[in-house]
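All remarks here apply to the structure that follows.
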Amino acid sequence: MGKGLDDRSRDNDGEIRHKRGDTLVGTLRDTYGPDFAPGYRSDTRLDTLLDRERCATLDQYRHKK
């Protein structure tokens with residue numbers, strides 16, 4: 001795995017492993033496509049999405065869907 005911004009590790013698709021909880025769903029749709037998190041507003045925070053979906057991480061949510 002390559003090193004990313006500030007020497008943080010990146011996963012296979014180039015994304016930094018841990019997204020901040022205050023990242024917005026709309027921002028994540030720019031990365032993962034317009035169908036990411038259907039039923040959620042674009043101003044929903046990632047930590048809110050993960051809590052409602054009972055997931056610990058963005059990766060866990062992506063694999064669940």
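What follows draws every value from the coordinates through simple rules; no lab data is involved. Keep in mind it's a predicted model, so treat the numbers as computed, not measured. Because the Cβ atoms are built from the backbone with ideal geometry, glycine has one as well, and the counts that use them run over all protein chains shown.
General observations
- Between R62 and R41, the contour length at 0.36 nm per residue exceeds the alpha carbon distance by 5.9 nm.
- Listed values for segment 31-46 are Karplus-derived 3J(HN,Hα) couplings in whole Hz (6.51 cos²θ - 1.76 cosθ + 1.60, θ = phi - 60°), namely 8, 9, x, x, 8, 5, 6, x, x, 10, 5, 5, 8, 6, 6, 4, and x replaces Gly and Pro.
- Under-5 Å amide H pairs with T44, H placed in peptide plane, nonlocal only: V25, G26
- For segment 21-26, backbone phi angles converted through the Karplus equation (6.51, -1.76, 1.60; θ = phi - 60°) give residue-by-residue couplings of x, 8, 5, 8, 4, x Hz, Gly and Pro being listed as x.
- Residues E53 and R29, FRET efficiency given R0 of 22 Å [Cβ-Cβ distance, rounded to 0.05]: 0.90
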